[in-house]
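A short reminder: the numbers here are calculations on the coordinates, not readings from a lab. Remember, predicted model here, so these are calculated numbers, not experimental data. Quick reminder, even Gly has a Cβ in these numbers, built from the backbone with ideal geometry, and neighbours come from all protein chains shown.
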Amino acid sequence: MNAEKVEEPKKVDHIGIAVKSIEETLPFYEQELKLKLLGIEEVHTQKVRVAFLKVGESKLELLEPLCDDSPIAQFIEKRGEGIHHVALGVDNIEERLNELKNNGVRLIHETPVSGAANAQVAFLHPKASRGVLYEFCEKK
């Protein structure tokens with residue numbers, strides 16, 4: 001373990017949910033669950049279209065693949081629609097990633113990439129966390 005203490009995550013920023021179609025899925029979240037849509041955007045670096053819905057201080061993120069080779073399209077093909085990842089809000093994503101690398105934790109992204117809502121994001125490999133895909137999310 002490193003001598004420096006890295007701060008713990010601030011909150012569950014969002015839970016990512018893989019869907020085939022945001023348009024077909026959104027009415028359930030808005031009408032039945034009574035969640036407020038914060039916005040929809042395309043994240044070309046991740047090959048997805050996302051819709052954020054507010055739940056208290058956290059969000060649900062609906063993830064629709066933009067193409068067949070999108071990681072979300074591959075996820076839906078293998079596992080079907082459903083929970084894809086849990087995103088933890090952090091203050092210093094690069095410091096967190098360096099600590100994980102130094103501790104031998106397997107990562108998908110060793111450096112942050114651009115994500116939705118102008119966030120810097122990085123994913124830990126699900127094999128490092130007993131099958132759960134975690135995302136670190138830093139917003140400026």
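Can you work out the Karplus-derived ³J(HN,Hα) for every residue in the range 86-93? Use 6.51 cos²θ - 1.76 cosθ + 1.60 with θ = phi - 60°, whole Hz, and x for glycine or proline.
Once θ is set to phi - 60°, the couplings for the range 86-93 become 10, 9, 9, x, 10, 8, 10, 4 Hz.
If I take R0 = 22 Å and measure r between the Cβ atoms of LEU33 and ARG79 in this structure, what FRET efficiency does the formula 1/(1 + (r/R0)^6) give, to the nearest 0.05?
E(calc), rounded to 0.05, equals 0.50.
Please list the radius of gyration and Dmax for the range 12-138, considering alpha-carbon atoms only, with Å as the unit.
14.4, 46
With labels modelled as points extended 7 Å from the Cα through the Cβ direction, what inter-label distance (nm, one decimal) is found for VAL86 paired with GLU41?
If labels sit at VAL86 and GLU41, their model points lie 2.5 nm apart.
What distance in nm separates the simple spin-label points at THR25 and HIS109, each placed 7 Å from Cα in the Cβ direction?
A separation of 1.9 nm, rounded to one decimal place.
Using the basic label-point model (7 angstrom from Cα toward the beta carbon), what is the ASP69 to HIS125 distance in nanometres?
Result for the modelled spin labels: 2.2 nm.
Give LYS10/LYS101; LYS34/LYS101; LYS36/LYS139; LYS36/LYS140 a once-over and call out the pairs whose C-alpha atoms are over 29 Å from each other.
LYS34/LYS101
When the chain is modelled as a GNM with alpha-carbon springs shorter than 10 Å, which of LYS78, LYS47, LYS36 fluctuates the most?
Comparing LYS78, LYS47, LYS36 in a Gaussian network model of the chain, the most mobile one is LYS78.
How many angstrom separate the Cα center of the range 63-140 from the Cα center of the range 3-54?
The two parts, judged by their Cα centres, are 13 Å apart.
Working out 0.36 nm times the residue gap between LYS11 and GLU57, then minus their Cα-Cα distance, what length gain in nm do you get to one decimal?
15.7 nm
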